[in-house]
Amino acid sequence: MRLLPALTAVAVLGTIPLVPSQLQGQQLDPARYASLRFRHLGPEGNRASAVTGEPGNPMVAYIGAASGGVWKTADGGVTWEPTFDDQPAQAIGALAVAPSAPNVVWAGTGETFIIRPPTSPGNGIYKSTDAGKTWHHRGLDASGHIGRIVVHPRNPDVVYACALGHGYGPQEERGVYRTADGGATWARVLFVDPNTGCADLSMDATDPDVLVAGMWQLEIKPWNLNSGGPGSGVFLTRDGGTTWTDVTPSPRPKPWPAARRGRCSSRSTSRRAKPTSSTGATRWSCSPA
C-alpha cells in the first residue's frame, strides 16, 4: 500500500472553534483565529481539481487530481493513498460522498479547469460502494468533462451530474443528468443547445428538490478558447430536475459568463431571498467566475 504524498498542494487552516448550526449567523472575534496559519498537507505533484469529505468524520477526505486519479486520507491528511490507479481515466473533475451513505463515493472524470486546448478529458462517471477501495464505471461515457456531482441528502440512489462536454465543437451529450437508481440508468434533464454544457450545479440545503445550474457556452480550438455566449445562463428547478426555468439576469451580461466557468452556490436564509427564488428560504448566488 502506497501512503506517500504524490499529488497537489492542499492547504487547511488549523482547528477552528465549531459554532452550533443554530448560531451560524454569529460573528467570531478575529482575535480567536488570528494566529492560525495554513499548512501544507499534501499530496504533492498534480493539480487538485476536486475535494470532498465524509460527512461527520473530519479525518476522511478525498482529492481528485487533474490527471492523477483519486486520493484518500483517513487520518486527517497525515497519509494519502491512491485509490483510482487501476481505472483507465485519471483526470478527475468532480467528487461527491453520499450524505446518507458515506461509503458511497462518486467520481466524475475530465478536468474542468479549461484554460487551454490540451485539457485532460474523461470517460464518464464512477461509483464506489466501499469508501473508495474499488470503483465501477456507471455511464455518461461521452460527457467529456464532469464539473459537479450532487447526491440527494437522504436517498443515495438519486444523483445529479453536470456534463460540460468535450468542448471541441457541438455535442448533444452536454447538460445536467439525473439517476434515480444509483447510476444504472441516466436521464438528461437539462439541455440548452449543443454548444452549451453544465459548468456547476448546487442543491438547496433545505430542499433537495430545488437546484440551480450554471450553464456555459464553450468551444475550444487549438488557437483559441471561445468562452461565453447566448447559451450561457442560470437555470432553476423546484421539482428535482423535471422542469427548469431560465433565471439568468435580464439583460444578460455580455459576455456571459466572462470567465472560465460559472459557479453556483446556495445557503439557507429566511430573510434575504433574491427575486430568482420564490421559496423564501434560499438565497442563490451564481457568478461567472
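Please work out if Asp181 is more than 28 Å from Ser227 (Cα to Cα), surrounded by fewer than 20 Cβ atoms within 10 Å (Cβ to Cβ), within 18 Å of the chain's Cα centre (by Cα) and at pLDDT 95 or above.
When the stated conditions are applied, Asp181 does not pass them.
Take the residues in segment 56-74 that are hydrophobic (A, V, I, L, M, F, W, C) and touching a residue at least 24 places away in the same chain (Cβ under 8 Å), then tell me which one is surrounded by the fewest Cβ atoms within 10 Å (Cβ to Cβ).
The first filter runs over segment 56-74 and keeps only residues hydrophobic (A, V, I, L, M, F, W, C), leaving 59-61, 63, 65-66, 70-71, 74.
The next check asks that each one be touching a residue at least 24 places away in the same chain (Cβ under 8 Å); those that pass are 60, 63, 65-66, 70-71.
Working: Val60: 19, Ile63: 26, Ala65: 25, Ala66: 21, Val70: 27, Trp71: 29.
Among them, the one singled out is Val60.
Only one of Arg47, Arg138 is among the charged types (D, E, K, R), surrounded by fewer than 19 Cβ atoms within 10 Å (Cβ to Cβ) and either in contact with a Lys or Arg (Cβ under 6 Å, 6 or more places away or on another chain) or touching a residue at least 40 places away in the same chain (Cβ under 8 Å) (or both); which?
After ruling out the rest, the residue left standing is Arg47.
What are the residues in segment 231-246 that are part of a loop (DSSP other than H, G, I, E, B), within 26 Å of Gly169 (Cα to Cα) and over 19 Å from the mean Cα position of the chain (by Cα), if any?
Gly231, Trp244
Suppose the filter is modelled with pLDDT of 85 or more, within 30 Å of Asp181 (Cα to Cα) and assigned to a strand (DSSP E or B); does Ala89 pass it?
Taking the combined requirement at face value, the residue does not satisfy it.
Yes/no per residue for (1) of a type in the set (Asp, Glu); (2) buried (at least 18 other Cβ atoms within 10 Å of the Cβ):
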residue	(1), (2)
Thr109	no, yes
Gly147	no, yes
Asp157	yes, no
Leu164	no, yes
Ala187	no, no
Asp193	yes, no
Leu201	no, yes
Ala213	no, yes
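Looking at Asp207, is it without any contact (Cβ under 8 Å) to a residue 40 or more places away in the chain and farther than 19 Å from Asp246 by Cβ? First the steps, then the outcome.
Details: without any contact (Cβ under 8 Å) to a residue 40 or more places away in the chain: no; farther than 19 Å from Asp246 by Cβ: yes.
So Asp207 does not fit the description; no.
In segment 1-65, which strands (runs of 3 or more DSSP E) lie fully inside it and hold 1 or more residues that are at pLDDT 50 or above?
38-40, 48-54, 57-65
The values are calculated or read from the model by the stated rules, or taken from the named source; none is laboratory data. All values reported here derive from a predicted model rather than from experimental measurement. Cβ sites come from the backbone with ideal geometry, for glycine too, and all protein chains shown count toward neighbours.
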